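Okay, so here's the structure we're looking at.
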Protein chains: 2
Amino acid sequence: MLSPWLTDWRGKYHGRAAAMLSPATTEEAAAVVHLCAEAGAAIVPQGGNSGMVGGATPDASGDQLLLSTRRLNRIRSLDAAAGFAVAEAGVILENFHNAVLEQGLRFPLTLGGKGSATIGGLVSTNAGGTQVLRHGTMRALVAGIEAVLPDGSLFDGLAPLKKDNRGYDLKQLLCGAEGTLGIVTAACLRLVPAAEDRCTAWIGLESPDKALLLLRQLDAAIGPPLEGFEIVPHGCLDAVLRHIPQTRHPLNAPHPWYALVELAGDKADDLPALLETQLAIALQNGLIDDVVIAKNDRESDDFWRLRDSISEAERAEGPAIQHDVSVPVDRMPRFIADNPARLAAAFPGARALSFGHLGDGNVHHHVQPPADSDGPAWLAAHGEDASRLIYRHVIELGGSISAEHGIGQMKRDIFAELDSPARLAALRAIKAGLDPAGLFNPGKLIA
Amino acid sequence: MLSPWLTDWRGKYHGRAAAMLSPATTEEAAAVVHLCAEAGAAIVPQGGNSGMVGGATPDASGDQLLLSTRRLNRIRSLDAAAGFAVAEAGVILENFHNAVLEQGLRFPLTLGGKGSATIGGLVSTNAGGTQVLRHGTMRALVAGIEAVLPDGSLFDGLAPLKKDNRGYDLKQLLCGAEGTLGIVTAACLRLVPAAEDRCTAWIGLESPDKALLLLRQLDAAIGPPLEGFEIVPHGCLDAVLRHIPQTRHPLNAPHPWYALVELAGDKADDLPALLETQLAIALQNGLIDDVVIAKNDRESDDFWRLRDSISEAERAEGPAIQHDVSVPVDRMPRFIADNPARLAAAFPGARALSFGHLGDGNVHHHVQPPADSDGPAWLAAHGEDASRLIYRHVIELGGSISAEHGIGQMKRDIFAELDSPARLAALRAIKAGLDPAGLFNPGKLIA
């Protein structure tokens, strides 16, 4: 009966659980945690079970308890004038989007799993997505938090305070803590006015270097309306066109790289004129080689579909290992340029491809086995070492081995192996301080 | 010889120190901390010594060591294209402003003590100031941090990553930790384009309620260029006009309340037209009663001088207790309206006045003794209880007993007495986890 919740979304991790607890109120959640603390029972919190790193899957012992937030699913309040809403942990992102939109507002965080991802999970994993360039990750959108702490006490930090200097910011500490320090039961979230208009361009250009210069130009000239800036290498677009039905190349000829740029704002901003002017300058300066601007919403959606289908197309190409990493934005072109050669030097024939959120310094980096190899066998033999090489490169550049997916159980050991001892010791000390018995999501994030 | 650094800026706290350490590099700072950790010596970090809560003043034992960041005073890098600069802890805010301005950029945080306050202190106290409405507190401007942890290890989190999900955000944890968890040695700070133009208005209106409606109107219609929104009661303006030379009332008649509004942006934004249009609407709707827009920079400065002189004028009026508190923005009019009556009910004749950053929900709240009383004697007898009443009111409304000044030693005990046990226990657990020997700034923030 519990089986749907004992395997992660990617199907990589399988666990067992003594039972699933589904409190319907914060008080019930606190009472349950209190009982578990007394009994020494470990708790694995779970929202939509759509995480990417096995962070919500219990271990194999069968001793752990699943705590589902699914019944904590009320939107407690929505203050359109102040631009805040309080949503409980189990509210599904898409439902929240719709509720907010009905009031003429927008919650500016979205991602592929919006139909299942929940507010509590999004907070606990500090979720990113495609609107981070302008609006930041979940961390920037959380104005208040309510959570049950490991001893069963309730931390009520829901009131949205713009200034609050009472020491350590527990709200920020719980964001991205993957349920290891507290179980988020509700969050007060910032809302922005609904965007009346958007304008999307698909651009052909030579390199990530030039894409970065274009990003800087648009950022300086356009500012806040610039909401999306993604880059795609020709190889990825090609795979999409081959494997995904009803897709077509937006330009007349291939280019080594593409940028997908989106502005959002009011009708009065005249976004098409803004974007056309800037792209004309970029063409003239040789930053870009070709461009097409979407004439309507359908064409915008078509451009995004090309971007959003890359993972699916790559899967159809054959097995690969995926890496969700980040480096400072200005080092991203170098990272993308250096990686294939580094990889090929250590693993002859292996291919590297990168795409993603240039504006956030967040690249999704795939490694494919040599074309003439037995893919799964190659990955079993070399996959882990290839990942290690990429993660070392990321750390050399001051980057993060987890940009937006988190650590969970998937990256726990490599994180402990490669990251700086000072950071790891600090994380362990915080965990030991707040959860000395180790009952909240044990085995995740930090061991 | 050490005496200037043994008393806080307000002259309220006096301490002694065994010695003052002034490392000139991060490595020296780490080495010094390492030695102290081995010897069990307590360290009190100090930047510009301009804090408001005695957070950088050692205790009276003479056993503690002062660690001054004054020689850590280099701006290590400034990347105008990326909009980031790395400044060491001892860089003085005003010097940083100037260095950044030379590159056509702006660091959008400023406050009265900018000539002495240092980057490290501003980070460690999560400083606020008058530009928080648009740009947030220090927390929002810190893109990376370098710090020495209590065991002498160096945490290098300087690289500015827009996405980084490696667990607990140590950067955010160190912001506002008042040197109790780590000694910040450098920070990577976000910069914005220098503002070409500003437009300032002094507005007469009836109440904080109407001021809040005006704030909402301007925020919705003008958005990002709205950088300042302060409110001042007539009593405060009156005190300024009486005590501060060369000041004059900007309007022709008195009003119960005033709002000081400032926009900042490019010349192309036509800020005066933007503001005039919106204020005409507000006049028509009866939100405001009178307004004057500054014709030039000098008039803008004059308006701000009225606002910035309130503390000085109030001091000239006689003794008072000051409270730096915050509540959710939409509860601020109620807080301001209810406070005088609550206070007078408990302390007949005592007067309450509030002014400050309405847009941030941060009110500076002064309590004056009854007019016919011996002020200092009244404050000695009743001051603490009057403060307790105000702090209880703040907490009832979900607010913070320290909006921007921090806890330090001044509010440590009242914080421990009044705030929620769950929050206090969590702070103590974090402190015990990261600094088990209690060597970093002992006696501050949390006891």
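The values are calculated or read from the model by the stated rules, or taken from the named source; none is laboratory data. Keep in mind that this is a model prediction, so the values were computed, not measured. FYI the Cβ positions are ideal-geometry reconstructions off the backbone, even for glycines, and counts take in every protein chain you see. To get the accessible areas, we keep the full protein, side chains included, count just its heavy atoms, and leave off ligands, DNA and RNA. Shrake-Rupley method; radii C 1.70, N 1.55, O 1.52, S 1.80 Å.
Of all residues in region A:396-413, those being open to solvent by 20 Å² or more (accessible area, probe 1.4 Å) and either outside any helix (DSSP H, G or I) or touching a helix residue (DSSP H, G or I) at 6+ places or on another chain (Cβ under 6 Å) (or both) number 5. When B:Gly265 is tested against the conditions (1) exposed (fewer than 15 other Cβ atoms within 10 Å of the Cβ); (2) modelled with pLDDT under 95, the lone failure is (1). Evaluation of B:Arg106 against the conditions (1) surrounded by 20 or more Cβ atoms within 10 Å (Cβ to Cβ); (2) in contact (Cβ under 8 Å) with a residue 40 or more places away in the chain; (3) farther than 21 Å from B:Glu27 by Cβ shows that the sole unmet condition is (1).
May I ask you to verify whether B:Ala177 is crowded, with 21+ Cβ neighbours inside 10 Å and either away from chain A (no Cβ under 11 Å) or farther than 30 Å from A:Ala127 by Cβ (or both)? I'd like the intermediate steps shown before the answer.
Values: crowded, with 21+ Cβ neighbours inside 10 Å: yes; either away from chain A (no Cβ under 11 Å) or farther than 30 Å from A:Ala127 by Cβ (or both): no.
Considered against the rule, which asks whether it is crowded, with 21+ Cβ neighbours inside 10 Å and either away from chain A (no Cβ under 11 Å) or farther than 30 Å from A:Ala127 by Cβ (or both), B:Ala177 comes out as no.
Kindly indicate the residue of region B:37-65 that is polar (S, T, N, Q) and assigned to a loop (DSSP other than H, G, I, E, B) and also surrounded by the most Cβ atoms within 10 Å (Cβ to Cβ) among those meeting that condition.
Restricting attention to region B:37-65, the residues satisfying the condition of being polar (S, T, N, Q) are B:46, B:49-50, B:57, B:61, B:64.
Filter once more, keeping what is assigned to a loop (DSSP other than H, G, I, E, B): B:49-50, B:57, B:61, B:64.
Values: B:Asn49: 22, B:Ser50: 22, B:Thr57: 28, B:Ser61: 13, B:Gln64: 24.
Going through the qualifying residues, I end up with B:Thr57.
Of all residue pairs spaced 6 or more apart or on separate chains, those with beta-carbon atoms under 7 Å, a first member in region A:395-410 that is free of Cβ contacts under 8 Å to residues at least 60 places away in the same chain and a second member that is outside any loop (DSSP other than H, G, I, E, B) are A:Ile395/A:Leu418. Taking region A:120-209 as the region of interest, the strands (runs of 3 or more DSSP E) fully inside it that hold 2 or more residues being touching a Lys or Arg at 6+ places or on another chain (Cβ under 8 Å) are A:142-148, A:154-157.
Is region A:55-68 home to any residue that is under 25 Å from B:Asn165 (Cα atoms) and within 14 Å of chain B (Cβ to nearest Cβ)? So far as region A:55-68 goes, yes, one or more of its residues are under 25 Å from B:Asn165 (Cα atoms) and within 14 Å of chain B (Cβ to nearest Cβ). Counting the residues of region B:88-102 that are open to solvent by less than 10 Å² (accessible area, probe 1.4 Å), part of a helix (DSSP H, G or I) and out of contact with any Lys or Arg (no Cβ under 8 Å at 6 or more places or on another chain) gives 1.
Could you pull out the residue among A:Arg331, A:Arg298, A:Arg315 that is without any contact (Cβ under 8 Å) to a residue 40 or more places away in the chain, within 21 Å of A:Ser354 (Cα to Cα), open to solvent by 50 Å² or more (accessible area, probe 1.4 Å) and not acidic (Asp, Glu)?
On the way: A:Arg331 fails: without any contact (Cβ under 8 Å) to a residue 40 or more places away in the chain; A:Arg298 fails: within 21 Å of A:Ser354 (Cα to Cα).
Step by step, each of A:Arg331, A:Arg298, A:Arg315 is checked, and only A:Arg315 is without any contact (Cβ under 8 Å) to a residue 40 or more places away in the chain, within 21 Å of A:Ser354 (Cα to Cα), open to solvent by 50 Å² or more (accessible area, probe 1.4 Å) and not acidic (Asp, Glu).
Could you tell me which residue of region A:130-163 is nearest to A:Ala82 (Cα to Cα), considering only residues that are acidic (Asp, Glu) and within 10 Å of chain B (Cβ to nearest Cβ)? For region A:130-163, the residue satisfying everything is A:Asp156. Here is a check on your reading of the model: is B:Ala371 open to solvent by 10 Å² or more (accessible area, probe 1.4 Å), in contact with a strand residue (DSSP E or B) (Cβ under 9 Å, 6 or more places away or on another chain) and either among the aliphatic types (A, V, I, L, M) or facing another protein chain (nearest Cβ under 10 Å) (or both)? So B:Ala371 passes the test. Whether a residue is more than 14 Å from chain B (Cβ to nearest Cβ), out of contact with any helix residue (DSSP H, G or I) (no Cβ under 8 Å at 6 or more places or on another chain) and assigned to a loop (DSSP other than H, G, I, E, B) was assessed, and A:Gly349 passes this test.
Annotation for region A:248-260: no member residue is part of a helix (DSSP H, G or I) and touching a residue at least 40 places away in the same chain (Cβ under 8 Å). Within region A:15-36, the residues that satisfy the criterion of being out of contact with any helix residue (DSSP H, G or I) (no Cβ under 8 Å at 6 or more places or on another chain), surrounded by 14 or more Cβ atoms within 10 Å (Cβ to Cβ) and not charged (D, E, K, R) are A:Gly15, A:Ala18, A:Ser22, A:Ala24, A:Thr26, A:Ala29, A:Ala30, A:Ala31, A:Val32, A:Val33, A:His34, A:Cys36.
Among the helices (runs of 4 or more DSSP H) contained in region B:268-339, which hold 3 or more residues that are among the charged types (D, E, K, R)?
Details: elements: B:271-284, B:297-308, B:310-317.
Because the criterion is at least 3 residues that are among the charged types (D, E, K, R), the helices (runs of 4 or more DSSP H) in region B:268-339 that meet it are B:297-308, B:310-317.
When region A:184-241 is filtered for residues that are touching an Asp or Glu at 6+ places or on another chain (Cβ under 6 Å), within 14 Å of chain B (Cβ to nearest Cβ) and over 30 Å from B:Ile222 (Cβ atoms), the ones remaining, listed by number, are A:Thr185, A:Ala186. Checked against (1) touching a strand residue (DSSP E or B) at 6+ places or on another chain (Cβ under 9 Å); (2) under 30 Å from B:Asp324 (Cα atoms), A:Glu227 passes all but a single condition, namely (2).
Taken over region B:242-262, residues that are open to solvent by 50 Å² or more (accessible area, probe 1.4 Å) and not polar (S, T, N, Q) amount to 6. Within region B:217-247, work out how many residues are more than 23 Å from B:Lys295 (Cβ to Cβ) and not in a strand (DSSP E or B). Count: 12.
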